[in-house]
Amino acid sequence: MSLIHDLPQPLDRSLQSELQHVIDTKTKPPGSLGRLESLALQMGLIQQTTKPRIERSAMIVFAGDHGIAAEGVSSYPQEVTVQMVANFLAGGAAINALSRAAGMTLEVVDAGVATASPASDALIDIAIRRGGTRNFAHEPAMTRDEALQAIERGAQRVRHHASLGTNVIGFGEMGIANTSAAACLMSRLCALPIDVCVGRGTGLSNEGVSHKRDVLAAALERHAKSADPIDTLATFGGFEIAMIAGAFLAAAKARMTILVDGFIATSALLVAHAISRDVLDYCVFAHASNEAGHARMLQYFDAAPLLQLDLRLGEGTGAALALPLLRAAVAFIGEMASFESAGVSNQDA
């Protein structure tokens, strides 16, 4: 299975000087709108226009279960995954409320939940394997073919939204024990010791964190190191993480602005980035999660997140919270007067 058709192109920067001139000549001191100015510049480059717009912003939440949950690495039982999928479909989760508040279209995807999700016209069921991934404490979580299939299915969902006009997108996740998968991906792909990658996840005690660290350290020791990101994903990842990795690649290929959520979503970006470094040009890092390893992930990408709200929920909530800042960025570049048009004297006059 080939990923070539979903690999993004480097960002075309031919419009950068013109965009910067438009930003600098608005009726304000240069740079006084701070990060909003860099956001407007980035979105203008992505869309190749001096008047970027937000069209049909969307959030896709991918859900999947993890065999590693059998090792007691989460404070919640595995059945919570399917219960939360039902909550998403009923409109009662945090991401439902925050997507509504942000004006985002929300889609829920079953990527490989252990038990069948509730029947609903609102659910996109593209599960790779019913039962979730295998337990990577003992064997690879997925086969390489399963990982590639999940990447492609995630990409297909993004292409669907692109066909409807979406140009800003975020990705969320749900999956008990997926912080364990993310921590192992981070350790292997960032070449970091597992100790700095492991956090409390859904609220583990100190003893629980210690046990989780021991389980993951043993799993990393069991599985041979590989420089291939697909093999690393297949060994430690989840179906939802793999689909998000494919979604990142497809969204960058479609020249969307991508809102990057927290620890789990960023672990999927580690995979996508290892496949194509150009994906970063299209990413806006929404927030710094309170999950221990996320700050180190952001350092790896030399990323400056927009928000610091001590979030550790996942679901795409941080990405949804950041969307109003993108709206503000396109508002000022599209609606503010220039010094010339407003008849206001510029500092260089």
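For the stretch 129-185, a tally of residues being crowded, with 24+ Cβ neighbours inside 10 Å, among the hydrophobic types (A, V, I, L, M, F, W, C) and part of a loop (DSSP other than H, G, I, E, B) returns 5. Considering G67, G112, G91, the condition of being under 30 Å from E207 (Cα atoms) and out of contact with any helix residue (DSSP H, G or I) (no Cβ under 8 Å at 6 or more places or on another chain) is satisfied by G67 alone. Considering only residues of the stretch 305-340 that are in a loop (DSSP other than H, G, I, E, B) and without any contact (Cβ under 8 Å) to a residue 40 or more places away in the chain, which is surrounded by the most Cβ atoms within 10 Å (Cβ to Cβ)? This residue is P305.
Would you call V209 β-branched (V, I, T) and in contact (Cβ under 8 Å) with a residue 24 or more places away in the chain?
no
Within the stretch 23-41, residues that are within 23 Å of H287 (Cβ to Cβ) reach partners that are crowded, with 20+ Cβ neighbours inside 10 Å and among the polar types (S, T, N, Q) with beta carbons closer than 9 Å, at six or more positions or on different chains, in the pairs L39/T257. Within the bounds of the stretch 115-138, is there any residue that is free of Cβ contacts under 8 Å to residues at least 12 places away in the same chain and among the aliphatic types (A, V, I, L, M)? Yes, the stretch 115-138 contains at least one residue that is free of Cβ contacts under 8 Å to residues at least 12 places away in the same chain and among the aliphatic types (A, V, I, L, M).
Among the residues of the stretch 289-303, those that are touching a residue at least 60 places away in the same chain (Cβ under 8 Å), assigned to a loop (DSSP other than H, G, I, E, B) and out of contact with any Lys or Arg (no Cβ under 6 Å at 6 or more places or on another chain) comprise A292, G293. It is to be established whether one or more residues within the stretch 268-283 are without any contact (Cβ under 8 Å) to a residue 12 or more places away in the chain, within 19 Å of L39 (Cα to Cα), among the acidic types (D, E) and surrounded by fewer than 24 Cβ atoms within 10 Å (Cβ to Cβ). No: the stretch 268-283 contains no residue that is without any contact (Cβ under 8 Å) to a residue 12 or more places away in the chain, within 19 Å of L39 (Cα to Cα), among the acidic types (D, E) and surrounded by fewer than 24 Cβ atoms within 10 Å (Cβ to Cβ). For the stretch 1-91, the helices (runs of 4 or more DSSP H) that sit wholly inside it and include 2 or more residues that are under 13 Å from I333 (Cβ atoms) and modelled with pLDDT of 95 or more are 16-24, 35-47. Among the residues making up the stretch 45-101, those that are among the β-branched types (V, I, T), over 28 Å from T133 (Cβ atoms) and in contact (Cβ under 8 Å) with a residue 60 or more places away in the chain are I46, T50, I54.
The values are calculated or read from the model by the stated rules, or taken from the named source; none is laboratory data. What you see is a predicted model; the values in this text were computed from it and never measured. Quick reminder, even Gly has a Cβ in these numbers, built from the backbone with ideal geometry, and neighbours come from all protein chains shown.
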